[in-house]
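The structure appears right after this line, and notes come after that.
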Amino acid sequence: MRKTVAAFIACVILPTLVLAYFGLRGGDDLERRQVELLRKRARTALERTSARMRRTLTERIQAAERLLGTGDTRVLADAEQPFFFLSAGGASAAPAPREMPTEEEKRLLRYSLAGGFAEELGEGDFLAAADAYAFFLSALHTPSYRAQVIYHAARSLGRGGETALAARLYEEVARADPSVVGPDGEPFVALALLGLYELGAIDKSAAAERLGRLRYALAPEWRTALYRRIDAAEPPADPTVESACASVRTLGRVPEAFALESKLFLCRAVEGGPIFAATWVAMALPAEEAGDGISIAFEPTAGFLYSGQEAPPRRPAGDELCAERLLSAHGVPVGTAVARSALVAEIAAAARRQTGWMYGAITALVLIAAAGGFFVLRAMRTEMRLARLKSEFIANISHEMKTPVSTVRIFAEMLADGNLTEDKVRAFSHILHAESQRLSAIVENVLDFARIERGQVVLPMAPTDLGAVLGRLVESFNARAAREGVRFSAEVGAAGGLQSNGDAIACILQNLLDNAFKYRRADGHKVSLQLARDERGITIEVRDSGLGIPRDAQKHLFEKFYRAHPENAAVRGAGIGLALSRALARRLGGDVRLQHSSNEGSAFALVLPAGEKA
Ligand code: ADP
């Protein structure tokens with residue numbers, strides 16, 4: 001049995017599992033290969049598209065570079081491009097570091113300022129003061145010195161009524177380097193704008209607009225004061241530029257280029273100062289369809305990144321096939337071109353579905369194999385049990401026949417010897433008759449059983465006198481009871497007649513009574529035969545006070561060759577009596593049943609249909 005189970009596992013379960021494993025792996029492989037193919041196409045498309053995107057960005061950057069590259073703040077101030085000044089500190093109070101005025105220049109500046117102030121405060125002659133301020137202009141080269149004296153000269157001219165001349169000078173200062181500041185951080189460029197406004201040379205909106213471009217380079221207190229002077233509301237800050245300024249301040253220096261919130265900022269140091277001219281380039285690019293369900297989108301860099309800095313690692317989303325970082329010419333990671341395809345999700349879903357089906361099929365296969373195995377094993381066990389019972393049957397039947405055969409042989413020999421009294425001869429003849437009857441009963445039983453097994457038994461139904469059948473049986477078992485010391489009682493009343501087969505009924509009851517006599521305890525054994533008749537049929541019950549039948553044996557009682565008391569070797573039998581009886585009874589339209597059984601004894605019943613009374 002163990003071998004069979006091992007063979008079943010080896011031949012059915014293991015191959016099923018191996019097949020399942022390769023099936024599942026095959027599904028996975030297919031999915032991988034499909035996605036790989038898609039990825040390959042996406043890579044080619046991405047190369048093409050990212051090159052195009054890089055070109056577009058480069059063009060935009062170059063345009064901005066050209067603007068900044070002029071280095072001319074006057075060009076910048078008039079530019080269409082969003083443009084502003086920026087300083088790492090946010091203010092331009094520090095003196096321009098690259099300005100290196102000579103000692104002579106410093107002296108000349110002092111003279112100019114002193115002369116101008118003297119004229120203004122003393123005589124109140126503003127034109128003379130303007131003269132004095134501008135007196136050494138040709139000898140001054142440092143931008144902030146020149147801006148200072150021109151600014152003062154313009155202011156004096158304005159006060160002196162020379163407004164046109166004053167406006168021209170203011171304009172010159174206003175277009176100068178915005179990093180030019182006075183000794184107390186006075187932003188001359190912004191102050192010149194204010195002068196122009198106060199002269200009426202420019203209106204409020206122009207003044208506010210031009211001040212706006214300077215505002216990121218101004219110290220906050222100057223900025224607020226200047227807006228108040230032109231009586232204009234300070235424009236709401238551009239959040240991107242604000243955060244760019246904040247990032248630059250955190251960094252502590254102004255990088256040549258940096259990316260922030262889908263904008264690339266380009267900065268150029270303004271000649272001689274800590275102020276930078278800055279502009280930005282939009283990096284938003286439209287997504288492109290690359291065929292095969294692949295679309296390529298440009299994802300601008302998030303956060304503040306400048307050249308040489310590594311972009312933070314990005315986690316590819318579910319439908320992403322491949323991605324490529326794009327760097328600006330300055331080495332700023334401006335963003336990533338990403339190839340995506342909805343097909344990835346579709347392939348994954350299809351693979352999931354396929355795997356689901358596969359699992360279902362495998363489970364069904366394993367279940368079917370297990371169920372098949374279970375039934376095969378059960379059938380095998382039954383067969384094996386039957387084979388064992390058959391061999392027991394042969395041993396039993398041989399044993400059962402041996403006794404009468406040897407009795408017959410001994411008594412026949414004694415009779416053949418002669419020299420016997422007449423009484424002995426009669427007694428021996430009775431014994432011979434009884435034993436040969438027993439033998440033929442055994443043989444009959446076996447033959448009947450064999451015939452019924454083969455389905456060859458024909459039971460002709462005829463009017464049967466049940467009283468007569470029972471009478472003969474009772475007579476025979478009375479004699480046996482007397483011989484064996486068994487108390488046998490029979491209550492058959494008016495048994496009557498029925499349409500049936502008398503021989504079959506006799507055979508069945510013979511078996512039941514024989515069992516009731518056989519399976520008994522030592523003493524005081526009782527057997528009874530009772531008949532009950534009602535409109536449904538006839539019940540003939542055989543009761544005994546014998547061994548009883550163990551509970552778990554009861555369900556096998558009517559199986560062929562089954563013996564419930566094999567350990568009881570003294571009781572002979574072949575295990576076919578009950579099987580034969582039930583088969584015969586069913587042929588007659590009735591049945592044989594175990595009514596009950598316990599330690600106290602058992603009761604079997606033959607039930608017959610009423611049929612027509614004979
Ligand atoms: P057997 O030839 O062994 O008597 P049967 O088919 O007539 O074969 O009976 C099957 C088994 O049922 C018997 O071996 C016995 O163990 C059990 N059996 C039958 N009748 C009785 C009974 N009246 N009391 C106890 N056991 C019984």
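The candidates 306, 227, arranged from most to least accessible area with a 1.4 Å probe in the full protein assembly, appear as 306, 227. Computed in the context of the full set of protein chains, the accessible area of region 101-233 at 1.4 Å probe radius has 54% of its extent on carbon or sulfur. With the alpha-carbon atoms of region 458-613 aligned to their principal axes, the span from lowest to highest coordinate is 44, 32, 24 Å, starting with the largest. Semi-axis lengths, largest first, of the ellipsoid equivalent to region 126-189 are 18, 13, 10 Å, with √(5λ) applied to each eigenvalue of the Cα gyration tensor. With semi-axes defined as the square roots of five times the eigenvalues of the C-alpha gyration tensor, the equivalent ellipsoid of region 153-312 measures 40, 17, 13 Å, largest first.
Ranking 355, 163, 279 from most to least accessible surface, computed with a 1.4 Å probe over the protein chains only, gives 163, 355, 279. With R₀ set to 51 Å, the beta-carbon distance separating residue 532 from residue 364 gives a calculated FRET efficiency near 0.40.
Other residues with beta-carbon under 15 Å from the beta-carbon of residue 472 carry, at +1 per Lys or Arg and -1 per Asp or Glu, a net charge of -3. Note on the chain: helix-only mean residue ellipticity at 222 nm, from DSSP H runs of 4+ residues weighted -39500 (n - 2.57) and normalised by residue number, equals -18500 deg cm²/dmol.
The fraction of all Cα pairs in region 490-545 landing in successive 5 Å bins from 0 to the largest distance is 4, 16, 25, 25, 14, 9, 4, 2, 0, given as whole percents.
In the assembled protein chains, residue 55 presents an accessible area of approximately 140 Å² (probe radius 1.4 Å). Counting only protein heavy atoms and using a 1.4 Å probe, the accessible area of residue 465 comes to about 90 Å². Here region 506-547 is scanned for amide nitrogen atoms under 12 Å from the site 7 Å beyond the Cα of residue 595 along Cα-to-Cβ, giving 528-533, 539-545.
Computed over the chain, the percent of Cα pairs more than 31 Å apart is 72. Counted over the chain, the DSSP beta bridges are approximately 95% antiparallel.
Label-to-label distance, residue 43 versus residue 413, with points set 7 angstrom from Cα along the beta-carbon direction: 10.4 nm.
Sorted from longest to shortest, the spans of the Cα atoms of region 101-233 along the three principal axes equal 40, 32, 21 Å.
Pairs spanning more than 31 Å between alpha-carbon atoms, out of 526/560; 3/555; 424/518; 106/204: 106/204. Protein-only accessible surface at a 1.4 angstrom probe places the residues 29, 552 in the order 552, 29, largest first. Other residues with beta-carbon under 12 Å from the beta-carbon of residue 428 carry, at +1 per Lys or Arg and -1 per Asp or Glu, a net charge of -3. Take residue 402: with every protein chain present and a 1.4 Å probe, its accessible area is about 140 Å².
Electrostatic bookkeeping for residue 389 treats Lys and Arg as +1 and Asp and Glu as -1; over the other residues with beta carbon under 14 Å from its beta carbon, the sum is +2.
Amide hydrogen proximity for residue 527: with H placed 1.01 Å from N in the peptide plane, the residues at 5 or more positions away or on another chain lying under 5 Å are 487, 488, 489.
The values are calculated or read from the model by the stated rules, or taken from the named source; none is laboratory data. If you're wondering where the values come from, they're calculated on a predicted model, not measured in any experiment. Methodologically, a virtual Cβ is constructed for each residue, glycine included, from the backbone with ideal geometry; neighbour enumeration extends over all protein chains shown. The protein model used for the area step is the full one, side chains on, heavy atoms only, and it has no ligands, DNA or RNA in it. Shrake-Rupley method; radii C 1.70, N 1.55, O 1.52, S 1.80 Å.
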